[in-house]
Structure formats: C-alpha cells, structure tokens
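Worksheet: one structure, shown below.
The values are calculated or read from the model by the stated rules, or taken from the named source; none is laboratory data. The structure displayed is predicted, hence computed values, not measured ones. Every residue, glycine as well, gets a Cβ built from its backbone with ideal geometry; the counts of neighbours run over all protein chains shown.
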Amino acid sequence: MGILYRQFKKKPVFLKVGGKLMSRMKDSNDRIDNKVYEYRVLRHLSQSELADAVGVSKQTILVMEKGNYSPSLILAFRLADYFGASITDIFNYHKGDEEQ
C-alpha cells in the first residue's frame with residue numbers, strides 16, 4: 001500500500017490509502033521547515049543512527065533534512081521525543097500566500 005505524494009493545492013482531493021479515504025488540501029503554498037539536521041549534528045549522530053533510533057530508513061532522514069519530505073505526525077513525535085524537544089522546536093509551519 002502506498003500513499004500518493006504530490007503537492008496539493010486549495011481544493012480538497014480524496015485519496016484512498018490502506019482502504020481509508022483521506023483528504024488533502026490542493027493548491028497550498030504552506031510549508032514545514034525543520035531543524036532535524038541541526039539536532040542530529042549536535043548529538044554527533046549519523047543519518048543511519050538517527051534513522052535506526054526512530055524506526056525509519058536513512059533515506060527518510062536524508063530527504064527530511066533536505067526539506068523534500070514532511071514527516072507523519074507520529075514520526076514528528078518520535079523525533080521530538082528522541083531529542084527531548086517539542087515538535088514546534090524541531091518543525092516550523094509557515095502558512096502560504098492565500099491570494100494567488
């Protein structure tokens with residue numbers, strides 16, 4: 001079972017994921033920045049070590065650090081718990097331009 005990943009904007013789009021119907025907003029310029037790299041480096045961890053600690057692949061950490069992937073809420077909680085920080089210390093939400 002896979003999830004369709006692409007940028008959605010303004011109109012609700014419904015996806016079937018694992019037998020459940022989920023909606024995402026279409027045409028949004030919203031973004032989430034993260035400080036995963038900074039927290040990882042301060043702990044002197046490799047991407048593989050962090051990935052093992054939170055139960056994901058090294059590739060997931062790599063794309064998250066590059067800003068090409070926003071983690072699930074569960075993964076965000078795992079990372080925050082691992083680093084002893086709050087989710088908002090690591091992840092920052094930026095609302096996009098509503099006028100286009």
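The combined condition, being of a type outside the set (Phe, Trp, Tyr), free of Cβ contacts under 8 Å to residues at least 60 places away in the same chain and crowded, with 16+ Cβ neighbours inside 10 Å, is not fulfilled by Ser48.
Within the range 64-82, residues that are under 17 Å from Arg31 (Cβ atoms) reach partners that are part of a helix (DSSP H, G or I) and of a type in the set (Ser, Thr, Tyr) with beta carbons closer than 7 Å, at six or more positions or on different chains, in the pairs Glu65/Tyr37; Tyr69/Thr60. Only a single item in (1) modelled with pLDDT under 95; (2) under 17 Å from Ile74 (Cα atoms) is not met by Val13, and it is number (2). For the range 63-81, taking the residues that are over 10 Å from the mean Cα position of the chain (by Cα) and surrounded by fewer than 16 Cβ atoms within 10 Å (Cβ to Cβ), the one that is farthest from Asn92 (Cα to Cα) is identified as Asp81.
If you go through the range 16-34 and keep only what is within 15 Å of the chain's Cα centre (by Cα) and at pLDDT below 55, you end up with just Arg24. Being surrounded by fewer than 16 Cβ atoms within 10 Å (Cβ to Cβ) and more than 16 Å from the chain's Cα centre (by Cα) is a property that Gly84 has. Residues in the range 29-62 that are over 19 Å from His94 (Cβ atoms) and among the basic types (Lys, Arg): Arg40, Arg43, Lys58. If you go through the range 35-48 and keep only what is in contact with a strand residue (DSSP E or B) (Cβ under 9 Å, 6 or more places away or on another chain) and either modelled with pLDDT under 95 or in a helix (DSSP H, G or I) (or both), you end up with just Val36. Just one of the listed residues (Tyr93, Tyr82, Tyr69) is hydroxyl-bearing (Ser, Thr, Tyr), modelled with pLDDT under 95 and not in a loop (DSSP other than H, G, I, E, B), and it is Tyr93.
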